[in-house]
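These notes are about the structure you will find just below.
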C-alpha cells in the first residue's frame, strides 16, 4: 500500500479580493418566472429544488413574469417604492450624522431595502418580527415615526430606549418589532418560542425570525430549526444573505452546504431562495411563507439573495476586503432601480415623478431629523437622565440598586 | 398541611401555579411524559395536557431561548435545566437576553420566567452533576437568584418566582430533594417527614423573594449560608456547642442585607458558608458587604468555608464537600480569634 498523501487543511476563499476583478460567476441566476410556485400545503420533500434556485419575478426589462407575480396594485407598488426611498434617504442622513459626530454608530441598508420593506407589507396585525440590525424597513414600511427612530439613534432625551442601547437597536412591540439585541442570532430561537406561545394559546399571530448569512453559524440558528421543526411553530425563518459578514464572505458560514436555504431541508422545513433585490418576488415569497405559518402548516426557511452594497457599519471600510466596485457587478441589481423600472414599464411611474418623490422624501427625512435634533444628539443638547440608568433593570428597584443610585446622587 | 419532600413541594408549587394561571407552561428535557429525572414534574402533563407541560429537545439554549420568546408573548414559562451543570449552552440567552430584555427595551418587552435547575453535590455526580454556579447568576444585572433549603420554602419561593415580573434562577439543592442532609454522609438518610419544614400547606402561598430566615438564634457568631449548607450549619452548631446564629438567605439576589447586618452587628463574628468554589464565589460578595456594613462590630476576620477551588471530584466527594467537621473547626477558630 502506498502512503496516503498528507492531510490538507481547507479554508474557503471568496472569488475576489481588493485589486482583483469582481467575479459573481458562482451566483447562478435563473430566468425570472422560471421557478415553480407550489401550493402552500405542499410536501416539503417535493420542493427541495427551491432551496437551490432563486425565485424571481422582475425580468431584465422590468416586466413581472411567471407564477410568483403577486397581487399588488399600482398604488401598493408605489407605496413600496416610497418606503425603500425613505429608508435610503434615512440611511444617507444618519450616516452623515454619525460622520458629523452626532452619534457613535450607524448601519446602512443600501441594496437590501426590498427585503424588510416588502416583508412587512405581507405581515398582519399582531405578528412579531425578531429582527437584526439591518431591517429598519420593517419599521418604515409600518409607518413608525422617523423622529422616534432618530431619537433612538441620537440617544437623546426623547429616545424611547432611554439612551441604553446602541444606535439602530430599536424596539416597538406595538409595531411588531422585537427589541434588537446586538448579540447575533439570539433572537432566532426567541422568535420560535414566541410562535410556540401563539400556538399554545390558540391565537393566530405568527412570528418572523431574521438573521444574516454569517450569523447562521451560531448554534442558536441550529436550535431554532430543531424547535421550529419539532413543534411545527408558526414562524418564518428568514436568512438575509447579503454575501458579506463584515469582512468575511458568506462561504465561511455556509461551508459545504450548497445554499443557506438548504440548511432547512434536513429538518423537513420547506426552504425557498428568493431574489432579495426584487420587491415583487420578495413580497410573494414572504406571503407564501406567512400563509403557511398562519394555516398551521409550520415553519418555512427563506433565503433572500441580496448584496450589502455599503459597509457593514460606520466602523469598517469595505475596500479593505473586497474589490472597490464589486457592488456594480452584483448581478441582481439595485432594488429601488428595479421596482422603479417596473413601475415605469407598467405606466404607473415616470423618471420625473421619481425625482420629485426623491426630493419630497428627502425633505421629509430632513424635517424629521431637525425635529429629532431639537431633543438633542449624543454629545449635545437634551440627554436621558442618569436616574434612567437604574430603572428597568427589574420591575421594582431592589435595595442594592437604590443604594448605588444614591451614591451618584440622583 | 401535608408532609412533602422537596420534590413534592416543587411539584405542588408548579401544580398550584398551573392551576391558577393558564399562562404558566412547564417544559424541559424529560419533563413531560416521564415527569423529570428527579420527578419534579410528574403527573403535570396528564393533568394539564401537552400544551402546558411537554418534552424538549436536548438543547438548553433552545429551552431558554424559546422561553424568552414565550415570556415576551405573555406566557409565564417555568423551564427545567436537568442539572445546573448543563446550563452553560444557555448562558448567553440568560445573561444577554433574559436578564436585559426589560432594560434594553425600556420596558417595552419583559421576561417573566423561571429557570429551575438542580444544583450542588452529595450524590456522587462527579464534576458534571454537582456544580453550584449561583455566583455566575448573582453577577448578572437583571436576574434574581433563589436557593431554597427545605420543602416549605421551596414551594413558597417557587410560586413567588413564577409570579415575579422578572427572570428568576431557581437553584434546587438536589441532595435536599429527599431529606435534610447535614453532611454526615455515613449516617442513615433522614426523610423530610421527620422535619418541621417538611410540613407544607397544600394550596397557594408565597414566601417573598429577598427575605432571609433566621434558622437558629444565637449570640456568639453568625453563619450566613443557603441551600444544603443550612443543615450542615445546624449540625455543626450542635456538635461544637457554639451558640451560632444561622441565617438562611433563601434569595441571594435581591439580598436581605438588613438581616445579615443586624445579626453580625450583634454577634461580632461571621462565617460565610457555601458549597460552591471559594474564589469569586458568592461568599466573597457577602464578606465584602459585611465588612463594609459591620466593620466596627467585628471582633474577628470574616471567615469563608466553601468547596475547594477544584472541579467537583467523584471519588473525593467528601473531601471536597464543606461538611460539619470543616465548619466545626472554623467555628472553634473564629471563637478563638481576636
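The values are calculated or read from the model by the stated rules, or taken from the named source; none is laboratory data. None of these values were measured; they are calculated from a predicted model. Backbone-built Cβ (ideal geometry, glycine too); neighbour counts: all protein chains shown.
Based on what the data block shows, is residue A:360 in contact with a strand residue (DSSP E or B) (Cβ under 9 Å, 6 or more places away or on another chain) and under 18 Å from residue A:90 (Cα atoms)?
For residue A:360, the condition - in contact with a strand residue (DSSP E or B) (Cβ under 9 Å, 6 or more places away or on another chain) and under 18 Å from residue A:90 (Cα atoms) - is not met.
Please name all residue pairs, on different chains or six or more residues apart, with Cβ atoms under 6 Å, provided the first residue is in the range A:163-181 and is within 8 Å of another protein chain (Cβ to nearest Cβ) and surrounded by fewer than 22 Cβ atoms within 10 Å (Cβ to Cβ) and the second residue is assigned to a loop (DSSP other than H, G, I, E, B) and at pLDDT below 95.
Every condition considered, the pairs that remain are A:169/A:182.
Only one of (1) modelled with pLDDT of 95 or more; (2) more than 30 Å from residue A:129 (Cβ to Cβ); (3) more than 20 Å from the chain's Cα centre (by Cα) fails for residue B:71. Which number is that?
Of (1) modelled with pLDDT of 95 or more; (2) more than 30 Å from residue A:129 (Cβ to Cβ); (3) more than 20 Å from the chain's Cα centre (by Cα), only one is false for residue B:71: (2).
Report every pair of residues separated by at least 6 positions or lying on different chains whose Cβ atoms are under 9 Å apart, first residue within the range B:68-79 and free of Cβ contacts under 8 Å to residues at least 12 places away in the same chain, second part of a strand (DSSP E or B) and surrounded by 24 or more Cβ atoms within 10 Å (Cβ to Cβ).
Close Cβ pairs (under 9 Å, with a partner that is part of a strand (DSSP E or B) and surrounded by 24 or more Cβ atoms within 10 Å (Cβ to Cβ)) amount to B:69/A:128; B:69/A:130; B:69/A:207; B:73/A:128; B:73/A:207.
Determine if the range A:134-146 includes at least one residue that is under 28 Å from residue B:99 (Cα atoms), modelled with pLDDT of 95 or more, within 14 Å of another protein chain (Cβ to nearest Cβ) and under 18 Å from the mean Cα position of the chain (by Cα).
yes
Return the only residue of A:48, A:17 being part of a loop (DSSP other than H, G, I, E, B) and at pLDDT 95 or above.
A:17
Using the structure shown, decide if residue A:355 is crowded, with 16+ Cβ neighbours inside 10 Å, within 30 Å of residue A:73 (Cβ to Cβ), away from every other protein chain (no Cβ under 14 Å) and at pLDDT 95 or above.
Working: crowded, with 16+ Cβ neighbours inside 10 Å: no; within 30 Å of residue A:73 (Cβ to Cβ): yes; away from every other protein chain (no Cβ under 14 Å): yes; at pLDDT 95 or above: yes.
Against the criterion (crowded, with 16+ Cβ neighbours inside 10 Å, within 30 Å of residue A:73 (Cβ to Cβ), away from every other protein chain (no Cβ under 14 Å) and at pLDDT 95 or above), residue A:355 does not qualify.
For the list (1) surrounded by fewer than 18 Cβ atoms within 10 Å (Cβ to Cβ); (2) out of contact with any strand residue (DSSP E or B) (no Cβ under 8 Å at 6 or more places or on another chain); (3) closer than 24 Å to residue A:222 by Cα, I need the number of the one condition that residue B:30 fails.
Going through the list (1) surrounded by fewer than 18 Cβ atoms within 10 Å (Cβ to Cβ); (2) out of contact with any strand residue (DSSP E or B) (no Cβ under 8 Å at 6 or more places or on another chain); (3) closer than 24 Å to residue A:222 by Cα, residue B:30 breaks only (2).
Output the number of residues of the range A:137-148 satisfying the condition of being under 26 Å from residue B:74 (Cβ atoms) and surrounded by fewer than 23 Cβ atoms within 10 Å (Cβ to Cβ). Reasoning before the result, please.
First, the residues of the range A:137-148 that are under 26 Å from residue B:74 (Cβ atoms): A:138-139, A:141-145, A:148.
Keeping just the survivors that are surrounded by fewer than 23 Cβ atoms within 10 Å (Cβ to Cβ) gives A:142-145, A:148.
So the count comes out to 5.
Rundown of residues vs (1) over 17 Å from residue A:56 (Cβ atoms); (2) within 22 Å of the chain's Cα centre (by Cα), yes/no style:
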residue	(1), (2)
A:253	yes, yes
A:283	no, yes
A:286	no, yes
A:290	yes, yes
A:309	yes, yes
A:314	yes, yes
A:317	yes, yes
A:320	yes, no
A:325	yes, no
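Check whether at least one residue in the range A:200-211 is in a loop (DSSP other than H, G, I, E, B), within 14 Å of chain B (Cβ to nearest Cβ), out of contact with any helix residue (DSSP H, G or I) (no Cβ under 9 Å at 6 or more places or on another chain) and under 20 Å from residue A:129 (Cα atoms), and report yes or no.
Yes: the range A:200-211 contains one or more residues that are in a loop (DSSP other than H, G, I, E, B), within 14 Å of chain B (Cβ to nearest Cβ), out of contact with any helix residue (DSSP H, G or I) (no Cβ under 9 Å at 6 or more places or on another chain) and under 20 Å from residue A:129 (Cα atoms).
If I ask for residues that are over 21 Å from residue B:282 (Cα atoms) and touching a residue at least 12 places away in the same chain (Cβ under 8 Å), which ones from the range B:296-316 would you list?
Listed by number, the residues that qualify are B:297, B:299, B:314.
Can residue A:116 be described as away from chain B (no Cβ under 14 Å) and over 20 Å from residue B:108 (Cβ atoms)?
Criteria not met by residue A:116.
In the range B:37-80, which residue that is under 19 Å from residue B:128 (Cβ atoms) and buried (at least 23 other Cβ atoms within 10 Å of the Cβ) is farthest from the other protein chains (Cβ to nearest Cβ)?
The qualifying residue farthest from the other protein chains (Cβ to nearest Cβ) is B:80.
Provide a single number: the residues in the range B:91-116 that are surrounded by fewer than 24 Cβ atoms within 10 Å (Cβ to Cβ) and more than 21 Å from residue A:401 (Cβ to Cβ).
Total satisfying the criteria: 2.
Within the range A:329-383, count every residue that is more than 17 Å from residue A:81 (Cβ to Cβ), touching a residue at least 12 places away in the same chain (Cβ under 8 Å) and in a helix (DSSP H, G or I).
7
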